[in-house]
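The values are calculated or read from the model by the stated rules, or taken from the named source; none is laboratory data. Just so it is clear, the structure is predicted and the values come from calculations on it, not from any experiment. When we count neighbours, we look across all protein chains shown, and the Cβ atoms used for this are built from the backbone with ideal geometry, even at glycine. Ligands, DNA and RNA are excluded from the accessible area calculation, which covers all protein heavy atoms including side chains. Shrake-Rupley method; radii C 1.70, N 1.55, O 1.52, S 1.80 Å.
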Amino acid sequence: MSDDNASNAMWGGRFASGPAAVMEAINASIGFDRKLYAQDIRGSLAHAEMLAATGIISTADQDKIAHGLNTILKEIESGAFAFSTALEDIHMNVEARLAELIGPAAGRLHTARSRNDQVAVDFRLWVKDELFRVAEALKGLIAVFLTRAEEHAATVMPGFTHMQSAQPVTFGHHCMAYVEMFSRDLSRVRDAIQRMDESPLGAAALAGTGFPIDRHRTAKALGFREPTRNSLDSVSDRDFALEFLSIAAISATHLSRLAEEIVIWSTPQFGFVKLSDSFSTGSSIMPQKKNPDAAELVRAKTGRVNGHLIGLLTVMKGLPLTYSKDMQEDKEAVFDAAETLDLMLAAMTGMVGDMTVDADAMKKAAGSGHSTATDLADWLVRRLNLPFREAHHVTGRAVALAEARKTTLAKLPLEELQAIHPGITADVFSVLSVQKSVNSRKSFGGTAPAEVRRQVRYWKKRLAKG
């Protein structure tokens, strides 16, 4: 074996051609950053138009560049474009093809810019576009919850703390809790768009440029509010990517909490909901089973999204200003998290929209665990003017009695309740049923059906206003 062959054998398999193959493989990003093709071409079109408007390049060259870039866009979208790992990334692939199409004029496109500000603007544009998509998906999910909340404003179910029956609530009220959660996600999306709505194009490599460019012109052409104000930060900032991943992780966590509840609710032991065949599967050996696979996968994919956030935070934590090649690791995390979140939102919107709610099973469960005990304590405070701690003690004795009798508080005889406290009257039974309990909780944001319907109206108006 020659020395060359011995060297090649050390690299093995894919990298049999030696160090050059390894370098090409580790350096190339075209395998994933090709997703930025539309944004890259948009940025280049805006840059070329500005260069011509400021007299840096001729109008004739700009026309050639625009024609070539639009040709490349059509080639990519039709699948006819040949991507090359030897050309590293989407920017060099587009630039090389442009040179093939229009000749020397292609070389003028890179005047007054660098791949550093080019990738920064491309990536911002992509993330911004994705945030708008996420916003629409969140609005769709919120709308589904509002529909279910309105349908079930008076459907009684148990409310839980520590996964123990606590107080009766309505399913509509429970749905509105998720409206609140996902509306916060939506507000974070909108905040992030506002924060990142600045164009880094024109920052060049890191220090700006001596050419008389018009950064406000390119910012406006690309739909940004204004250009960034510091060239060093412009090329090294990835806060927008981190913020996207943070939003995705928080939203995924909300989706996972909901998925866990759906998994629990769909068990025979609870029987609160039944998933459609579209979002569940059967068992390979147990024909009676219906598995909530979509909900379980939403729950699992949250770990994937969270991992991407931690990964990029770790990449960025030790980087000095300005650009480092480490930042090439930002895109796969964001691309995968975006694709994962899009799928999770779509799956959950479908599940919530078409699942069947068993109101009878919910109502039966709502009365278990002496869930109206707090109502009894509150009645003792209101009617007998007992200090709450004493009322709590009296209620505890009543609960113990009900457990001993294997019955509910509402079915305890009045005389037995009066043996615990002589001031108790028959009026106490007006608060001991689950329906009366939820009807009484009319405080702002409470579970009373009338209050649930009021909150539904509020959120429908707010959603309609955008």
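Quick rundown of the values:
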| item | result |
| --- | --- |
| Lone unmet requirement of (1) part of a helix (DSSP H, G or I); (2) out of contact with any helix residue (DSSP H, G or I) (no Cβ under 6 Å at 6 or more places or on another chain); (3) under 18 Å from residue 30 (Cβ atoms) for residue 107 | (3) |
| Failed item, numbered, when residue 40 is tested on (1) without any contact (Cβ under 8 Å) to a residue 60 or more places away in the chain; (2) under 28 Å from the mean Cα position of the chain (by Cα) | (1) |
| Qualifying residue in region 79-94 (condition: assigned to a helix (DSSP H, G or I) and of a type in the set (D, E, K, R)) | no |
| Options 110, 91; residue that is over 17 Å from residue 38 (Cα atoms) and in contact (Cβ under 8 Å) with a residue 12 or more places away in the chain | 110 |
| Helices (runs of 4 or more DSSP H) contained in region 281-392 and holding at least 2 residues touching a strand residue (DSSP E or B) at 6+ places or on another chain (Cβ under 7 Å), open to solvent by less than 20 Å² (accessible area, probe 1.4 Å) and over 27 Å from residue 125 (Cβ atoms) | 359-366 |
| Residue check for residue 460: part of a loop (DSSP other than H, G, I, E, B) and open to solvent by 40 Å² or more (accessible area, probe 1.4 Å) | no |
| Residue satisfying all of: in region 203-214; touching a residue at least 60 places away in the same chain (Cβ under 8 Å) and within 25 Å of residue 320 (Cβ to Cβ); surrounded by the most Cβ atoms within 10 Å (Cβ to Cβ) among these | 203 |
| Failed item in (1) in contact with an Asp or Glu (Cβ under 9 Å, 6 or more places away or on another chain); (2) open to solvent by less than 60 Å² (accessible area, probe 1.4 Å); (3) not hydrophobic (A, V, I, L, M, F, W, C), with residue 449 passing the rest | (1) |
| Pair list, Cβ under 7 Å, 6 or more apart: region 375-403 residue touching a residue at least 12 places away in the same chain (Cβ under 8 Å), other residue in a helix (DSSP H, G or I) and of a type in the set (Phe, Trp, Tyr) | 377/388 |
